[in-house]
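Report on the structure given below.
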Amino acid sequence: MRPLAVGLQLPEVERVVRWSELKDMARVAEQVGVDSVWVGDHLLFRDQGLPPRGPWEAWSVLAAVAAVTDRVHIGPLVASTSFHNPAMLAKKAATIDEISGGRLILGLGAGWNEPEYLAYGFPFDHRVDRFEEAFAIIRGLLREGSVDLVGRYYQVRDCVLIPRPARPGGPHIMVGTTGPRMLRLAAAHADAWNAWFTWFGNRPEGVAALRAKVDRACADVGRDPATLQRTVAVHVRLEGSEAARRGGPKERVQSLRGSPAELAASLRAFGAEGISHVQLVVDPITVGSIEWLGSTLDALDR
């Protein structure tokens with residue numbers, strides 16, 4: 001049995017990738033044994049020393065990936081609630097859960113990349129306050145089917161989600177954060193917690209400190225920490241590839257490298273630290289590199 005689930009993030013802004021290649025990547029990932037396929041939910045990057053870059057719209061891509069795959073879980077890594085009316089985001093999530101046959105993992109976060117907020121006209125202030133209200137609406141609609149909430153930032157009156165999601169209770173919800181208020185919200189209401197690779201040095205030994213923070217948040221809200229899944233994104237650079245250029249200098253870390261057996265050993269080490277699911281951010285990200293990852297998955301399964 002595989003010691004932890006292994007996901008793959010599709011390319012975001014490493015280069016411009018057309019739908020035909022994204023489709024091939026998603027299908028090949030499924031064929032080689034990847035457990036999940038993820039899409040970043042961003043609009044625009046403006047990093048010093050790099051030209052402006054932007055990905056395709058995440059929810060459209062997720063719907064398309066849901067339609068051309070059969071087994072892998074899919075999800076945004078992670079969706080910024082402030083880019084969407086929360087009731088509409090719940091509606092999108094329910095629709096993609098239906099298209100996928102119940103394979104959506106709904107990753108949510110408060111957002112962080114100010115240039116895209118300014119460019120697209122979204123407010124950047126009070127992001128955690130806004131997230132808290134949005135999160136209540138989203139989970140209420142997906143899990144209960146209806147919400148009536150008048151908040152400072154969002155108002156929904158007698159809102160009902162019809163049709164209901166493919167699964168009773170809706171898709172699993174994952175929250176990406178290390179902030180204390182966000183961790184408390186995740187501990188109180190989410191099914192899983194997620195950390196980006198820069199937050200823990202991209203190494204299994206960096207997970208312990210974050211795991212302790214998650215455990216404390218669970219204790220604060222009276223939850224058994226064992227019931228909250230721990231997931232992390234991990235950067236992997238294949239031999240001979242150039243340094244990662246996803247998000248500029250702030251995203252540069254010591255990438256995981258090595259043979260399939262060595263990478264499998266690193267993934268097992270994440271599992272030993274209590275991580276149940278990793279999302280691999282691979283450099284370079286091509287159909288060929290995804291095929292190569294199949295050997296790592298084979299080694300992990302042995």
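The values are calculated or read from the model by the stated rules, or taken from the named source; none is laboratory data. Predicted, not measured: the structure shown is a model, and the values here were computed from it. Neighbour counts run over all protein chains shown; Cβ positions are idealised from the backbone, glycine included. These accessible areas exclude ligands, DNA and RNA; they are computed on the full protein's heavy atoms, side chains included. Shrake-Rupley method; radii C 1.70, N 1.55, O 1.52, S 1.80 Å.
Applying the condition of being of a type in the set (S, T, N, Q) and open to solvent by 20 Å² or more (accessible area, probe 1.4 Å) to segment 70-112 and asking which residue is nearest to P55 (Cα to Cα) yields N85. When the criteria are applied in full, G40 fails the requirement of being of a type in the set (G, A, S) and open to solvent by 10 Å² or more (accessible area, probe 1.4 Å). Taking segment 155-181 as the region of interest, how many residues are in a strand (DSSP E or B) and of a type outside the set (G, A, S)? Number of matching residues: 10. Which of the residues that make up segment 182-232 are among the small types (G, A, S) and either outside any loop (DSSP other than H, G, I, E, B) or at pLDDT below 95 (or both)? If the condition is that a residue be among the small types (G, A, S) and either outside any loop (DSSP other than H, G, I, E, B) or at pLDDT below 95 (or both), then A186, A187, A188, A192, A195, G206, A208, A209, A212, A217, A219, A226 are the ones that fit.
The set of residues in segment 274-302 being acidic (D, E) and open to solvent by less than 50 Å² (accessible area, probe 1.4 Å) consists of D283 alone. Taken over segment 157-171, the criterion of being at pLDDT 95 or above and surrounded by fewer than 18 Cβ atoms within 10 Å (Cβ to Cβ) is satisfied by R157, D158, V160, I162, P163. Just to be sure, is T227 over 22 Å from A90 (Cβ atoms), under 17 Å from the mean Cα position of the chain (by Cα) and either without any contact (Cβ under 8 Å) to a residue 12 or more places away in the chain or surrounded by fewer than 17 Cβ atoms within 10 Å (Cβ to Cβ) (or both)? Answer is no for this residue.
In a residue-by-residue description of segment 19-36, the property of being touching a Leu at 6+ places or on another chain (Cβ under 9 Å) and closer than 23 Å to G111 by Cα applies to at least one position. E239 - would you say it is open to solvent by 10 Å² or more (accessible area, probe 1.4 Å), part of a helix (DSSP H, G or I) and either modelled with pLDDT under 95 or out of contact with any Leu (no Cβ under 7 Å at 6 or more places or on another chain) (or both)? Taking the combined requirement at face value, the residue does not satisfy it. Only one entry of A29, A58, A67, A63 meets the criterion of being among the hydrophobic types (A, V, I, L, M, F, W, C), farther than 21 Å from A195 by Cα and open to solvent by less than 20 Å² (accessible area, probe 1.4 Å), and that entry is A29. For segment 26-38, check the following and say yes or no: at least one residue is more than 17 Å from G294 (Cα to Cα) and either without any contact (Cβ under 8 Å) to a residue 40 or more places away in the chain or touching a helix residue (DSSP H, G or I) at 6+ places or on another chain (Cβ under 8 Å) (or both). Within segment 26-38, none of the residues are more than 17 Å from G294 (Cα to Cα) and either without any contact (Cβ under 8 Å) to a residue 40 or more places away in the chain or touching a helix residue (DSSP H, G or I) at 6+ places or on another chain (Cβ under 8 Å) (or both).
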